[in-house]
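Below is one structure, written out as structure tokens, with a few remarks after it.
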Amino acid sequence: MGIGITELTVRIVVLAKQVPDPETPPSQFKIDESTNTVIPPNGVPPVVNGFDLTAVEAALLLRDSGADVEITVMSVGSDFVMDAMKKPLAMGADRLVLVDDSGLDNIDSAVTVRVLAAAIEKDGPYDLILGGRQASDWDQAHVTLGLSEVLGLPLVSLVQKLELNGDSVSLQRVIPDGYQTITAPLPSVLTITNELGEPRYPNLRGIMQASRKKPEIFSLADLGISSDDLVPKLELKKLYIPESNKQVELIEGEDEADSGKKLALRLREEKLI
Amino acid sequence: MTSILLVAERDEQGEINQSTLQAIAAANGLLDAVVTVAISGEAPASASALAVEKIVTLAVVSIADEGIYDQATAEISALVESTSPEVVIFSKSDFGSIVGARLAFRSDSAFAADCIEISNDGGDGVSVTRPVYGGSALAEFEIASKPAIVTLRAGSYEAGNETGSPSIEAFDSGASVEQAASVTGTVAEARDGVRLEDANFVVSGGRGLGGPEPFSVLTDLANALGGAVGASRAACDAGWIDHSHQVGLTGKSVSPDVYIAVGISGASQHMAGCSSSRAIVAINKDADSNIFKEARFGIVGDWEKVLPSFLATVRELKA
């Protein structure tokens, strides 16, 4: 436990993943089909998965509301880019814990869950485990869900609002036509959805503080795991960009207003309106 | 023989829903498929003609479990344990995404979410294809271990016309689940007009609108067409319109006759929610934007100049 942490402090761990920048324009998105990997576009550094930053924001909102919280950001992988991974610290998180090991290249979510569970058990105990609703690379949306099973903790997904009440947490969970209100005990595992609101931008003070903080690093050996034990359950056979053969029919009028009129007439001609 | 357990879901009328019928078609496409359908509660009458081997009815889970799915996960885990299927298929719904993932990690099984294709004619294992990187790429995986647990994206398969005469039996694990988290209420958000998911016309706005005000123009157009208003994630995250309007990978999936995208760049994450529309119409200033690669009709231009005459002509045609 860090300085200033008491028994009353609510310890929160936020799971974060380093991903290729999803704002990369489609024209620059390329795949090396011989290795089944995405070719990192020139000059576009990786970022922390945006949905995970929303989960960091959720933890920071609890602090803003007056709760005594300690926020740890945790990630597993290899080849971490520190400028990217320190963003949650610059936003206001307290600690960054990385399981950084070359044995964690190209892992699947089953392996990720196992390693995260071991790291959480070693670094914990935690009162809340937060994850983003999904990662913008493999879009699987189940690491956090799987973690709740492996750790044997209650799970609530798609949380848009949370409030601490002593030893429980009151939640709003998004459903298609509104939301559910849910009460969960501590500790629990939650996935946070983007309806919560946009993650805050780091301010200068936060960036300065983050630059002075060092990540705490675990290797697989520190967690008592041998990379030989980490057998993926899904074997990637092929990764490719699907071909689009759609051809757009551009409507061009004398001016833009005329184009608008012609578009409506064309849609009527096709019996679409 | 390939034994498949398919976990069914119901529509608002209590009938087997469309996604489940599509999943049955996918399951029947597997080599020597023997399909069992599990459904919570008494099977609807239409289930007796499904083209499957067997229907297993599960004890009804309580309303307090809806969204948490502790009881549902326990019940389906017990069924999988007692019947040892080689493949377990869920729809990629709220229910399927959560229960599928929890079942897989509880039983240390392989899980592939949001698949658009499943086959097992290429070797020992099951092969699945799923969109990744927000739909920019497709990934094909092989799963050698059993059971392979998958969720299927709606619309990936067409429901078949075949019928059958399955046997029906009940399953009750007898397990009692102590629920740690509990649902205390449901708040329905007010909505005017048609439901976005049911609309035949959707008028969506994105970052290119520049602010919240233009959504009133989009609303006028949607009203004239008898449709609903959608939005890109960028527009929702910016607070211009409520997130309940968001179309895309992390929002709603729509398949209207006409999807009109105004000031939307067409990132693959957005297209994942509207690509099954009959016709996509794009209005965007940037001729190079991705939306023109996905659209059937397009206007390269300023929406502020295009939309008023488009709306006026639509009103005349509809009058």
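The values are calculated or read from the model by the stated rules, or taken from the named source; none is laboratory data. Predicted model only: the values in this text are computed from it and were never measured. No Cβ is skipped: glycine too gets one built from the backbone with ideal geometry, and neighbour counts run over all protein chains shown.
Structure data summary
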item: Filter result (small (G, A, S), part of a helix (DSSP H, G or I) and farther than 15 Å from B:I149 by Cβ) within the range B:59-77; result: B:A64, B:A74
item: Counted residues, the range B:230-253 - those being of a type in the set (A, V, I, L, M) and surrounded by fewer than 24 Cβ atoms within 10 Å (Cβ to Cβ); result: 4
item: Of all residues making up the range B:287-303, the number that are more than 8 Å from every other protein chain (Cβ to nearest Cβ) and in contact (Cβ under 8 Å) with a residue 24 or more places away in the chain; result: 3
item: Any hit, the range A:158-174, residues being in contact (Cβ under 8 Å) with a residue 24 or more places away in the chain, facing chain B (nearest Cβ under 10 Å), at positive phi and in a strand (DSSP E or B); result: yes
item: The range A:221-251: number of residues that are within 8 Å of another protein chain (Cβ to nearest Cβ) and more than 30 Å from A:G77 (Cβ to Cβ); result: 6
item: Qualifying residue in the range B:181-190 (condition: surrounded by 14 or more Cβ atoms within 10 Å (Cβ to Cβ) and either farther than 28 Å from B:A72 by Cα or more than 10 Å from every other protein chain (Cβ to nearest Cβ) (or both)); result: no
item: Answer residue from the range B:102-129, given it is small (G, A, S) and touching a residue at least 24 places away in the same chain (Cβ under 8 Å) and is nearest to B:L30 (Cα to Cα) among those; result: B:S119
item: Matching residues, the range B:86-123, being hydroxyl-bearing (S, T, Y) and either closer than 20 Å to B:A144 by Cβ or outside the structural domain of B:A25 (by TED's automatic domain parsing) (or both); result: B:S107, B:S109, B:S119
item: Per-region count, the range A:175-220, residues outside any loop (DSSP other than H, G, I, E, B), in contact with a Pro (Cβ under 9 Å, 6 or more places away or on another chain) and of a type outside the set (A, V, I, L, M, F, W, C); result: 2
item: Of the criteria (1) modelled with pLDDT of 95 or more; (2) in contact with a helix residue (DSSP H, G or I) (Cβ under 9 Å, 6 or more places away or on another chain); (3) of a type outside the set (G, A, S); (4) closer than 27 Å to A:Q28 by Cα, which one B:E294 fails; result: (1)
item: Residues that are within 13 Å of chain B (Cβ to nearest Cβ), charged (D, E, K, R) and exposed (fewer than 14 other Cβ atoms within 10 Å of the Cβ), drawn from the range A:1-29; result: A:E23
item: Qualifying helices (runs of 4 or more DSSP H) (wholly inside the range B:208-319; at least 2 residues being over 22 Å from the mean Cα position of the chain (by Cα)); result: B:215-225, B:291-294, B:303-318
item: Residues satisfying the stated conditions in the range B:38-58, i.e. within 13 Å of B:E169 (Cβ to Cβ) and free of Cβ contacts under 8 Å to residues at least 60 places away in the same chain; result: B:I39, B:E42
item: Selected residue [away from chain A (no Cβ under 14 Å), among the acidic types (D, E) and surrounded by 18 or more Cβ atoms within 10 Å (Cβ to Cβ)] from B:E53, B:E15, B:E75, B:E42; result: B:E75
